[in-house]
Each structure stands twice: as C-alpha cells, then as structure tokens.
Amino acid sequence: MSSIKIECVLRENCRCGESPVWEEASNSLLFVDIPAKKVCRWDSLSKQVQRMTMDAPVSSVALRQSGGYVATVGTKFCALNWEDQSAVVLATVDKEKKNNRFNDGKVDPAGRYFAANRRSIYKLEKEEQIPDGMCIDVEGKLWVACYNGGRVIRLDPETGKRLQTVKLPVDKTTSCCFGGKDYSEMYVTCARDGLDSKGLLQQPEAGGIFKITGLGVKGIPPYPYTG
C-alpha cells in the first residue's frame, strides 16, 4: 500500500459540510453546507468553487442523468439548473411540519433518489462517536466518516470488522466519497458548527474539504438520478 496523504484542498469554512459527490464529466466535487443553505461545486482543475444558495437547509445533492443535479432542500426534492442557478420543486413531503427537513439523501443503483427525515444513530466504538456519511469501494467494503471522531474507517459489511482507520486533523468529519481520476482519491467533508473558539483555533481547517490519496483501493462512480 502506498503512503497515505491527507490535504485540505478547499478551506470552505462550511458550518456543516455534507453529501460529497464526484462529477466525472466536469472533474468537480459537489457538496452541501446544510445550515448555510448552499450547494457548492469545486472544480479540481481550476480550484475554483461555485455556490448556489437555496431557500431552506439543503441536506444532500446528487447527479441527474438528464443533466443538472437534484437536491433535498428542506422537505422538498428539487431539480437544480446550475447554468442559470434555478431550482424546480419535484416533490414535497410533510408540508404541515414547518420545521421538519430531510437529514440525508442518496441515489440507489436503480437510479431512485432516497431521503430520510430521521435516522437511527448507532455508536461504533466509544472513541469514534457517531457514524455519519459513508461510501463503498470496488471491493464492497464500507468507508464511514465518524462525526466527533475525526476519522474515516473502512469496514467489512459482512463481518463488521474494522479494516483500516484514517485520522484527519478535524474532529467533525461528516461524509466521504471517492473521486478524481479512476476514483482513487477520497474526499471528506466536515463541520465547524459545535466548535468553540478554542476548538476553531486548534482546527483552522474545520469546515474544509479534504482529499485523501494513497489508500490502495478505488471507489465506484456515484449513481445518477434517472427521473
């Protein structure tokens, strides 16, 4: 296995960065900042980042097979047109619950976009705190970002055995995905919310986007929404 390298490729200062998705066509990383109500797209070639502000907390974003993106915004499924920065509501749930919102969302292999309002929280190990966003590699193993644990871990989903641990210089790691050329890079989102002034001084890159190389395993491309 080659030497693992961790670098902060974008100091975005996300309050709560989430839902990283690699877009191979544009060599870009999509992600959201939930409480800031933003969908962001970072171009890995130009190193520039574009942002689209929504009208409610945005908890996930995904590719759309017909073009553009889809996102969960508040309790709405929305289609995003990045070129003119517009959003069209595809569906709304829980209209009567004004303060409710989606927690997360992801497209399955059949091209269906799933999202949940609530999810159960399971503790993996005491020091790793809360398991959060995850992705899968070509060997069928899970990579899980551990919120308040400052790490991503690789698990065998059949046995539950931990196979690898990668520590990051920030505590509130939220999610991860594979991307880059041949999906050999891992991108990790994290949060700043919840850190006091001392914590922010100790973790100046909190809220940034991290890239991990040298893991020795590749990921699979994200599934696009077919609707």
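Report the one residue of Cys190, Leu201, Gly216 whose Cα lies farthest in the direction of the positive end of the charge dipole of the chain (charges on C-beta: Lys and Arg +1, Asp and Glu -1; origin at the Cα centre).
Leu201
Working out 0.36 nm times the residue gap between Ala110 and Asp193, then minus their Cα-Cα distance, what length gain in nm do you get to one decimal?
26.4 nm
Tell me, what HN-Hα J-couplings in whole Hz come from the Karplus equation 6.51 cos²θ - 1.76 cosθ + 1.60 at θ = phi - 60° for each residue of segment 148-162, using x for Gly and Pro?
Running phi through 6.51 cos²θ - 1.76 cosθ + 1.60 with θ = phi - 60° gives 6, x, x, 7, 10, 10, 9, 10, 8, x, 7, 9, x, 6, 7 Hz.
Based on Cβ point charges of +1 for Lys and Arg and -1 for Asp and Glu, what charge dipole magnitude is obtained for the chain about its Cα centre, in debye rounded to the nearest 20?
It comes to approximately 400 debye.
For segment 199-206, take each phi angle, set θ = phi - 60°, evaluate the Karplus expression 6.51 cos²θ - 1.76 cosθ + 1.60, and give the result in whole Hz per residue in order, putting x for glycine and proline.
The phi angles translate into x, 5, 5, 6, 10, x, 9, 4 Hz.
Can you give me the long-range amide H partners of Tyr147? Hydrogens built in the peptide plane at 1.01 Å from N, cutoff under 5 Å, separation of 5 or more residues or another chain.
For Tyr147, the qualifying residues are Ile130, Asp132.
Which pairs, out of Lys5/Lys47; Lys37/Lys141; Lys37/Lys211; Lys181/Lys211; Lys38/Lys181; Lys38/Lys218, put more than 21 Å between their alpha-carbon atoms?
Flagged as over cut-off: Lys37/Lys141; Lys37/Lys211; Lys38/Lys181; Lys38/Lys218.
Return one whole number: the accessible area per residue of the chain in Å², for a 1.4 Å probe.
Counting only protein heavy atoms, the per-residue value for the chain is 50 Å².
Net charge within 13 Å of Gly199 by Cβ-Cβ distance, Lys/Arg positive one each and Asp/Glu negative one each, not counting Gly199 itself?
Computed value for this residue: -1.
Quick one: what do you get for the chain if you divide its Cα Rg by 2.2 N^0.38 Å?
0.96
Over segment 123-227, what relative contact order in percent results from Cα pairs under 8 Å that are six or more residues apart?
Numbers: 231 pairs, mean separation 22.9, N = 105.
Reported relative contact order: 22 percent.
Per residue of segment 36-45, what does 6.51 cos²θ - 1.76 cosθ + 1.60 with θ = phi - 60° give for ³J(HN,Hα)? Whole Hz please, x for Gly and Pro, Karplus curve as stated.
For segment 36-45, the Karplus-derived couplings read 7, 6, 10, 9, 10, 9, 9, 7, 6, 8 Hz, x marking Gly and Pro.
Please compute the modelled spin-label separation between Asn117 and Glu158, points set 7 Å along Cα→Cβ, answer in nm with one decimal.
With each label point 7 Å from Cα toward Cβ, the separation is 3.8 nm.
Taking a ≥ b ≥ c as the square roots of the eigenvalues of the Cα gyration tensor of segment 161-227, is the shape rounded (a/c under 1.5), prolate (a/b larger than b/c) or oblate?
Numbers: a/c = 2.45, a/b = 1.67, b/c = 1.47.
It comes out prolate by the Cα gyration axes.
Carbon and sulfur atoms: what percent of the 1.4 Å accessible area of segment 1-106 do they account for?
Looking at segment 1-106 in its full context, I get 45 percent from C and S.
Taking 8 Å as the Cα distance limit and 6 or more residues as the minimum spacing, I'd like the relative contact order of the chain as a percentage.
24 percent
Can you give me the long-range amide H partners of Ser175? Hydrogens built in the peptide plane at 1.01 Å from N, cutoff under 5 Å, separation of 5 or more residues or another chain.
Amide H to amide H, under 5 Å and 5 or more residues apart or across chains, Ser175 pairs with Gly133, Thr189.
The values are calculated or read from the model by the stated rules, or taken from the named source; none is laboratory data. Values in this document were obtained by computation on a predicted structure and should not be read as measured data. Note: ideal-geometry Cβ built from the backbone for every residue, glycine included; neighbour counts use all protein chains shown. Side chains are part of the model used for accessible areas, which takes the heavy atoms of the whole protein and leaves out ligands, DNA and RNA. Shrake-Rupley method; radii C 1.70, N 1.55, O 1.52, S 1.80 Å.
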